[in-house]
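The values are calculated or read from the model by the stated rules, or taken from the named source; none is laboratory data. As the structure is a computational prediction, the values presented were derived from the model and not from experiment. Methodologically, a virtual Cβ is constructed for each residue, glycine included, from the backbone with ideal geometry; neighbour enumeration extends over all protein chains shown.
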Amino acid sequence: MKISGVDIRPGNIIEYEGGIWKVAKIQHTQPGKGGAYMQVEMKNLQDGRKTNVRFRSADTVEKVRLDTQEYQFLYEDGDMLVFMDTNTYEQINLPNDLLGDARPFLSDGMQVMLELWEEKPISVQLPQQVEADIVEADAVVKGQTASSSYKPAMLDNGVRIMVPPHIESGTRIVVDVYEQTYVGDVELLQASRKGPADFVTNADMRAERSIYDELLHARPDWGFVMEEAGVIEGDENKPRWIVDPLDGTSNFLHGIPHFAISIAVQEPRLDGKGWGDVTAGIVYDPIQDATYWAEKTRGAWLQDARLRVSARRTLPEALIATGIPFQGHGDFAEWSRIFGAIGPEVAGIRRFGAASLDLAYLAQGRFDGFWESGLNDWDTAAGCLLVREAGGFVSDFRGRSNPIHSAQILAANDTLHSKLHKILAGSLR
């Protein structure tokens, strides 16, 4: 299988100049002039030679397909590593340097994959991610934040990596073996299942508890609607908080840096019959340290910069965001009809996995429209206000406007909203 030179990754086995090579390290470089390239350090698996090659995006290499066999690591014997075939219990000795820079992450009893070329073992593949303990971590510099910079730390196997400022000695983390990079805290990445393809992490629960404690201290008589804790009643004549402590849990679990905290304030109706307008909202992206916020009649903002929805007027130049149904969630047949109708009319459709950020991006003018169904109030309460205060329109699939749209939501600027609504409604007839 041929791959582009810039798609080469550590651990790949490739053919190059008639030899079989294992990629050890890569460095992506974007020079001031000329195109980007990948500097690749690799080792010949047939004679042990090492080389350093520059590949550009136009270059292609053959990614070698190898036979694989599962083995278990038993112990180290001098310069050799002893592995056992988990099916036949036959043992095999392989040289230490066959693992390259991944060697420090090999542990007793670890299940590995031996890769064979013409029935000869030429590579040992460890799990892509492993757990490790931090034994040393530099002190945090005053003013340093998780989004601004990382700091050096040492793992219990002697490898030094860069970690977020909050990581301290004794923290157990998940590490990418071949990139030798921080993936996340073990404690925060632990998850339990709420339902089909629906997970809650310790990070969800801890974040929600922290937000609850702070908001309760600030407004002790207000109620709450929270993703994990549910409805917590307050004074019926006072507003309530609507909180999603971690929108984009699946992204968070998989190490995809796209998730957010969403908090909104909803006022009670003046007639005392239920809940009315959302008057304030915030969507915080911790990875970008970006705070999107809005107050009713005061506009929508990113930090201190005013937001406006895009001024695009035609669908062929519009970029639309959506959410896609998945196991146990949403109506795939309905979504497919809508997608089939809107897709051919627009410049593109994107699915990023965090509705609150989709709506924030729409308010910012990055997206030109958004539709989804089967959401919850905590997913969209703050985002709906952001879009409206940025000059956009928000409705359900029938064109009706409510303070919060979650079961069905269609959002865009005024011109595109009417065009998208016409297509969407037609697709559902």
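Observations on the structure shown:
- Any hit, the stretch 361-369, residues being acidic (Asp, Glu), in the same structural domain as Leu319 (by TED's automatic domain parsing), touching a strand residue (DSSP E or B) at 6+ places or on another chain (Cβ under 7 Å) and within 20 Å of Thr279 (Cα to Cα): no
- Ile14, sole failed condition from (1) under 29 Å from Ala132 (Cα atoms); (2) at pLDDT 85 or above; (3) buried (at least 17 other Cβ atoms within 10 Å of the Cβ): (1)
- Residue check for Ala411: hydrophobic (A, V, I, L, M, F, W, C), in contact (Cβ under 8 Å) with a residue 60 or more places away in the chain, surrounded by 23 or more Cβ atoms within 10 Å (Cβ to Cβ) and assigned by TED's automatic domain parsing to the domain that holds Trp241: no
- Breaking point among (1) modelled with pLDDT under 90; (2) of a type outside the set (Asp, Glu); (3) assigned to a strand (DSSP E or B); (4) surrounded by 14 or more Cβ atoms within 10 Å (Cβ to Cβ), for Leu98: (3)
- Yes/no for Arg400 being among the basic types (Lys, Arg) and more than 22 Å from Ala333 (Cα to Cα): yes
- Check on Ala333, among the hydrophobic types (A, V, I, L, M, F, W, C), modelled with pLDDT under 95 and farther than 30 Å from Tyr212 by Cα: yes
- No other residue among Val231, Val225 is at pLDDT 90 or above, in the same structural domain as Asp277 (by TED's automatic domain parsing), crowded, with 19+ Cβ neighbours inside 10 Å and assigned to a strand (DSSP E or B) apart from Val225.
- Leu270 being buried (at least 16 other Cβ atoms within 10 Å of the Cβ), farther than 28 Å from Glu208 by Cβ, in the same structural domain as Gly353 (by TED's automatic domain parsing) and over 16 Å from the mean Cα position of the chain (by Cα): no
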